[in-house]
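The block underneath contains the structure these notes are about, expressed in structure tokens.
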Amino acid sequence: MSQRLSRAIELTQQMVSFPSVSDRSNVEVSQFVAARLAEIGFDVEWLTYEDEEKVPKVCVVAKRGAGLGGVAYLAHTDVVPAEDWEPDFSGAFEGYQKDGRLYGRGTCDMKGSLAAALTAAANVHNDQPLYFVVTSDEEVGMRGASFVNQHSKLFEEMVTHDTMGIVGEPTELQVIHAHKGAESFAIVAKGVSAHTSTNGGVNANYKLIPALSRFLELRNRAETDPQYHDKSFDPPTLSWNMTISNEPEAVNVTTSMAILNNFFRAMPAVDHEPLLSEVRRIAEQFGLECRTKYSARPWSVDPQSDFVGKMLELTGQQRSYSVCYATDAGVLQRLRRMVICGPGSIEQAHRCDEWISLDQLSRGVELYERAFMTRW
């Protein structure tokens with residue numbers, strides 16, 4: 001095993017040991033990342049805010065080298081919950097190495113990628129600016145990226161001077177030129193709680209149920225109508241999903257709130273605003289409330305762009321691809337030149353046994369070294 005791969009494994013394990021699930025603070029793991037960047041010569045911009053639950057969050061933006069332009073690596077430190085973790089040979093936050101894989105929550109999405117980039121940055125002496133943008137809350141609506149977009153002086157410098165960006169999300173090191181966005185909203189019916197032995201309550205479900213067929217019809221039309229399709233994605237639809245929840249859920253209490261949760265994946269070439277307008281009309285017709293949870297824009301660049309071509313040369317590939325998940329690129333797309341390319345597979349992320357292969361981790365270090373030394 002090479003010294004570089006050993007270092008990338010060590011850094012991944014150290015970052016995985018911080019249980020930075022999105023509903024918790026990521027301050028400690030951010031301190032770790034900032035310290036590693038400072039050790040290898042980066043000037044660090046420390047950006048703090050509180051989320052909706054008053055939990056402190058941090059984004060780290062850093063720069064090394066004189067001049068303007070250059071290249072940037074972009075990542076996030078938050079991870080999805082791990083209550084469903086299954087492997088009996090390790091815990092979710094241990095970063096356990098076994099059979100050519102590194103297991104643990106965040107190994108694939110995306111602390112392994114960040115470790116590869118940190119290792120690469122320590123091994124190169126670039127003669128152009130090198131930036132790191134490491135956000136929080138990517139998994140819950142890209143709120144950290146929004147904060148960076150609004151408040152980071154270094155990110156503004158990157159935008160102004162056309163820095164090349166590489167988002168290190170897991171793509172098996174394939175070059176990605178487009179991804180879907182996200183629309184999350186809720187339809188809310190309100191009632192009055194009461195003990196079910198009395199007639200003093202108003203069940204919110206009875207207000208929501210009459211509207212459900214209309215929302216389902218709209219959802220089905222979105223999935224079948226060609227005007228809401230884009231064949232450059234697989235699947236080529238919005239993938240509209242619905243869930244229903246009650247508050248409270250006890251069967252001996254009249255439900256005071258019924259919620260139809262909606263989520264679909266917007267696409268760059270599809271105008272989905274008519275669907276949202278129809279959602280609002282149906283809600284108003286049935287006396288329901290429509291609440292926007294979050295909206296993340298889809299993202300795309302021209303696959304024939306010079307910078308996409310240069311990234312393909314670095315990876316030895318013939319073409320770039322689109323993916324159906326969303327990333328911080330959707331929020332940070334004022335950065336005009338940007339691709340997504342990182343080690344690991346999205347199929348290994350968010351799983352009950354999340355892992356990244358050591359081969360992908362090693363190849364990620366090698367690719368980022370080449371990318372950080374390339375004149376963009």
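Some notes on this structure:
- Scope the stretch 113-154; condition touching a residue at least 12 places away in the same chain (Cβ under 8 Å), under 21 Å from Ser295 (Cα atoms) and in a helix (DSSP H, G or I); matching residues: Glu138, Glu139, Val140, Arg143, Gly144, Ala145, Ser146, Phe147, Val148, Asn149, His151
- Which listed residue, of Arg334, Arg375, is basic (Lys, Arg) and over 19 Å from the mean Cα position of the chain (by Cα): Arg375
- Summed over the stretch 320-376, residues that are within 29 Å of Glu83 (Cβ to Cβ), assigned to a helix (DSSP H, G or I) and not hydrophobic (A, V, I, L, M, F, W, C) total 6.
- Sole exception among (1) touching a residue at least 60 places away in the same chain (Cβ under 8 Å); (2) in a strand (DSSP E or B) for Trp85, by number: (2)
- Residue match in the stretch 32-55 (condition: in the same structural domain as Glu157 (by TED's automatic domain parsing), in contact (Cβ under 8 Å) with a residue 24 or more places away in the chain, crowded, with 24+ Cβ neighbours inside 10 Å and within 17 Å of the chain's Cα centre (by Cα)): no
- In the set (1) buried (at least 16 other Cβ atoms within 10 Å of the Cβ); (2) under 24 Å from the mean Cα position of the chain (by Cα), the condition left unmet by Glu83 is number (1).
- Selected residue (criterion: farthest from Phe264 (Cα to Cα)) from residues of the stretch 155-201 that are of a type in the set (D, E, K, R) and either touching a residue at least 40 places away in the same chain (Cβ under 8 Å) or crowded, with 22+ Cβ neighbours inside 10 Å (or both): Glu157
- Residue, nearest to Val71 (Cα to Cα), within the stretch 280-314, restricted to residues that are modelled with pLDDT under 95 and of a type outside the set (Lys, Arg): Ala296
- Qualifying residues in the stretch 136-189 (those that are among the hydrophobic types (A, V, I, L, M, F, W, C) and on the phi > 0 side of the Ramachandran plot) - the one modelled with the highest pLDDT: Leu173
The values are calculated or read from the model by the stated rules, or taken from the named source; none is laboratory data. Source: prediction; values computed, not measured. Glycine gets a Cβ as well: all are built from the backbone with ideal geometry, and neighbour counts include every protein chain shown.
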